[in-house]
């Protein structure tokens, strides 16, 4: 990929246009047929790409516009062997205990894959910019599946998901996708077994001929994290994953732990989250430039990319657009400074 200095990208998801929420409701009520929903989602992908390109983002995504709630239709809807469970809490302030969950009632399979190949085949026809394809990792996907009588532990479920995800990633790479990002927020949320996670991750990406990114965050459901926000327990073991790039959140933590990159020297790229998607304060370009300058004290410029902290799925579109523009403009300020 021909990229400028300090390339910019997104994590994956983008803010839905208002009418896509209306379309989803219509589909759930049976008022939309499959072709109606597909057309709406195609249009939403086009809008996500337009907003990213208008802002000047270098590496784009399809905005995950076909993925409802990150998990449900995006991934679990493609898996067989699961029984959906009722949420633990249905009313009141939105929280993680209101989200979907499942129980394994048979060995988990994905007869039709996970849908990523179709996502990629569409987005590649709609942009000439480099594309990043995100995919949830096995440990994170296993988090909403109870073992039932089929599996014994969450780790067993995750291991059962590895060949399913690996097959999907290989298909993406064979179709020409050059950059794949594995989203594993659950590892940052539950960092009690970093060595086991390294083995799990490496099995997931084995034989995948593409640039591999690993996104680790602390959760972003309705704009809220779900864990103690520190990456330190993962180091240094996490550096043994077969990933080319780490995407980590820093902006909403006031740049805390950026010094880990100096404390644990490595040859990985860092996609530093320098825009806070959980805050409706709209950063200025100079805010972002200041954060880039700070990151450059710890990360070599040729190893640094700039991204938002997390996806924009929980952010209003007007704010997402403004934050993307500020991110790109701030990076341009520093590019000019470095160019003299």
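If I stretch the segment between residue 244 and residue 103 completely, what's the gain in nm (0.36 nm per residue apart, minus their alpha carbon distance), one decimal?
On the way: separation 141, 0.36 × 141 = 50.76 nm, distance 3.39 nm.
Here the segment from residue 244 to residue 103 would lengthen by 47.4 nm.
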Largest-first ellipsoid semi-axes for the stretch 18-338, taking √(5λ) over the Cα gyration tensor eigenvalues, angstrom: 30, 24, 20
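Rank by packing, highest mean first: peptides 325-331, 150-156, 182-188, with packing defined as the count of other Cβ atoms within 10 Å averaged across residues. Show your work: numbers first, answer last.
Values: 325-331: 22.6, 150-156: 15.0, 182-188: 24.9.
Per-residue Cβ counts within 10 Å, averaged per peptide and sorted highest first, yield 182-188, 325-331, 150-156.
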Efficiency of FRET from Cβ geometry, residue 202 and residue 293, R₀ 30 Å, rounded to 0.05: 0.30
Global geometry of the stretch 259-340, whether rounded, prolate or oblate, following the gyration tensor of its Cα atoms and the 1.5 cut on a/c: oblate
Helix-only CD estimate at 222 nm, as mean residue ellipticity for the chain, using -39500 (n - 2.57) per DSSP H run (n ≥ 4): -11000 deg cm²/dmol
Percentage relative contact order, the stretch 18-338, counting C-alpha pairs under 8 Å, at least six apart: 13
Relative contact order (%) - criterion: Cα under 8 Å, at least six apart; region: the stretch 1-76: 41
Ranked packing of 30-37, 231-238, 123-130, most packed first, by mean Cβ within 10 Å: 231-238, 123-130, 30-37
Cβ-derived FRET efficiency at R0 22 Å, residue 18 paired with residue 322, nearest 0.05: 0.85
Distance-filtered residues of the stretch 323-337 - backbone nitrogen under 17 Å, label point 7 angstrom along residue 284 Cα→Cβ: 323-334
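All of the numbers you see were taken from the coordinates with simple rules; none came from a lab. Remember, predicted model here, so these are calculated numbers, not experimental data. Reconstructed Cβ throughout: ideal geometry from the backbone, glycine too, with neighbour counts over all protein chains shown.
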